[in-house]
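What follows is a short report on a single structure.
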Amino acid sequence: MKTINRQRNIRYRMTRQNFICEGKKRPRGLLFLFIIVLALLFSSCMKQIPGAVKAANPIMEVEMDLFFMDLVAAQVKMNQLMLERMPISRDDNWPELLVHYSDGETANDKEKAARKAYEACLERALKEDFSFYRIFDFSIYLGALFRVGSMEDLMGCALVAARGKLAIEASKILGKRYEHAKWVLSSLPFGCKCSYYSTKFLSLRPGISECRVGVGGPECSFFARPTEQIMHEKLFGGGLKSWVDLKVPSECFRVVSGEHLGGATKGKGSGTFESVFYSLLPSGLRDDLQRVDDELFMAVSDLETIEAKLKETHLREPEKAVLRRQMKSLEKEKDNKEGIQKKLYKQAMTTIEPNREKIAAAKKLLRIAEYIDDTFVEVNTAMIALTVKIIDDVLLFGELGPGDMAQRAAFLTMHGIVKGVDLQKRIELLGKRAISLPVTWASTWGYAIAQKMKVSRYKDYLEAMVKMEKKMKKKA
């Protein structure tokens, strides 16, 4: 429990920093108020509430956890593609289209109705990408929980239902954002998957002749095949790194109109977010900042992975000792790199070299940085409660004997919660994934945290450069 509480405190401090220190974005809608309340209410392990242990179906609960983790991993990959692979030009408005949906902007009642239809289409696309949405019916699961029983049982059911509701609603928000971004970036003409609701952006309609081209060639599997299939192949084959390193050729991306922004730097493609961003920095600091950004990113993600490995129960003491030494070294490296990074960016802020072209480019990049930053804030909010839920669920799943497993599986099939699948094979896959879930989750989350920290630095500098536009106009 000490480890769980420490992890929860770390997440809380990070969330508080995101919402208060940055002071610009707040969680939108009642859902996020609901999430924060849940985080405060469910600060203890579920095992301490007997009614909850009795009510919970570990098979269903771990499935929900894996679904959410897969979505976070999918979003991490999507963010990486935006930063390192997707070309940008001043003429193409894909960065504005990217954030338009998540901003929730609608011009009138007609657009509101069209937005509902667009969201319904995104949910259908989500079902194609992730089998959980096709196989499990969460609404039936909720109804089946509340069977006649004691007050303790009812309270337990309420806890399980609330935690499940949190996981599913957070998954829906993140999943629809992911699907929107996927079809904004894809070489499939925009609107061919789901016709967009706003006339601000050019959108085709599914089924027309222009939409019969498909998504690139066979090498464009990231956009053409279900995300879950590719991800599981990579996660089982080489872990998160294998998934993040998945190559997506340039022909798989949207055909960006207009001349690509310049700014190629070492190891970065011409016209991508990172290549353009580093070209906006003062020339004397550019190489040093790129190097320290990359080194800090790896230190943060590696640190989270090692912390997760230390929680594995089968490790022998000598192995733990090695990991502790590695962790201590990484913590020192992280602190050192953060100090250097802070000093360099502070220096860069005081020596900004703006012109109209650079400011126009900064505005484009800022929209992408805002998307990644805001998406992380939403994921992080849900994580406050879900970290504890995942640990609870894996423990309960691991304690199921063959008879218990059969009983819980029968519950799912009897109530119609699971459909159209060989549940026994599904449970076998679930068992393999549940073993590594805490470590895979922490690795994914560590990478997301590192990504967030890196993008926050980008965002601060981009905002400072955009503000220089007013000063330039006054001087003119």
Cα-centre dipole for the chain with unit charges at Cβ (Lys and Arg positive, Asp and Glu negative), debye to 20
1200 debye
Relative contact order of segment 127-232, please, whole-number percent, based on alpha carbon pairs below 8 angstrom and at least 6 residues apart.
25 percent
Segment 215-335, relative contact order [Cα under 8 Å, separation at least 6], %
14 percent
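Please work out whether segment 422-476 counts as rounded, prolate or oblate from its C-alpha gyration tensor, where a ≥ b ≥ c are the square roots of the eigenvalues and a/c under 1.5 means rounded, while otherwise a/b larger than b/c means prolate and anything else oblate? If you can, show how the numbers build up before the last one.
Values: a/c = 13.06, a/b = 4.21, b/c = 3.10.
Prolate is the answer for segment 422-476, as a/c is 1.5 or above and a/b outweighs b/c.
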Coil-residue trypsin sites (Lys or Arg not before Pro) of segment 74-161, DSSP, other Cβ within 10 Å capped at 15
R90, R147
Can you bin segment 239-329 into rounded, prolate or oblate? Criterion: square roots of the alpha carbon gyration tensor eigenvalues sorted a ≥ b ≥ c, rounded for a/c under 1.5, prolate for a/b above b/c, oblate for the rest.
oblate
Excluding residues fewer than 8 places away in the same chain, name every one of the lysines whose C-alpha is closer than 21 Å to that of K193.
K77, K110, K112, K116, K127, K172, K176, K182
Going toward the positive end of the dipole of segment 43-160, with +1 on Lys and Arg Cβ and -1 on Asp and Glu Cβ, which of F68, M86, V160 do you reach last?
V160
Helical contribution to [θ] at 222 nm, DSSP H n ≥ 4, -39,500 (n - 2.57), averaged over the chain, rounded to 500:
-24500 deg cm²/dmol
To the nearest 0.05, how large is the calculated FRET efficiency for N355 and A321 if R₀ is 56 Å and r is the Cβ-Cβ distance?
0.55
Crossing angle, helix 151-185 versus the chain [Cα axis fit, 0-90 degrees, rounded to tens]:
30 degrees
Leaving out ligands, DNA and RNA, what percent of the accessible area of the chain is carbon and sulfur, probe 1.4 Å?
55 percent
Overall form of segment 338-476 per C-alpha gyration tensor (a/c, 1.5; a/b vs b/c):
prolate
Taking only pairs that are 8 or more places apart or on different chains, how many Lys pairs in segment 313-354 have Cα atoms under 22 angstrom apart?
12
Net charge dipole size for segment 193-262 [Lys, Arg +1 and Asp, Glu -1 on Cβ; Debye, nearest 20]
220 debye
Measuring from the longest principal axis of the C-alpha atoms of the chain, the long axis of helix 356-398 (C-alpha) lies at a number of degrees, nearest 10, equal to 10 degrees
Any idea of the accessible area per residue across the chain, 1.4 Å probe, to the nearest Å²?
46 Å²
Under the 7 Å Cα-to-Cβ spin-label approximation, S139 and K200 lie apart by a distance in nanometres of 3.1 nm
Quick one: which residues, 5+ away or cross-chain, put their amide H under 5 Å from the amide H of S186? H built at 1.01 Å from N.
R254
Working from Cα positions, state the angle (0 to 90°, nearest 10) between the long axis of helix 227-244 and the longest principal axis of the chain.
80 degrees
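The values are calculated or read from the model by the stated rules, or taken from the named source; none is laboratory data. Here the structure is a predicted model, which means the values were calculated and not measured. Please note: Cβ atoms are built from the backbone with ideal geometry, for glycine as well, and neighbour counts cover all protein chains shown. Only protein heavy atoms, including side chains, enter the accessible area calculation; ligands, DNA and RNA are left aside. Shrake-Rupley method; radii C 1.70, N 1.55, O 1.52, S 1.80 Å.
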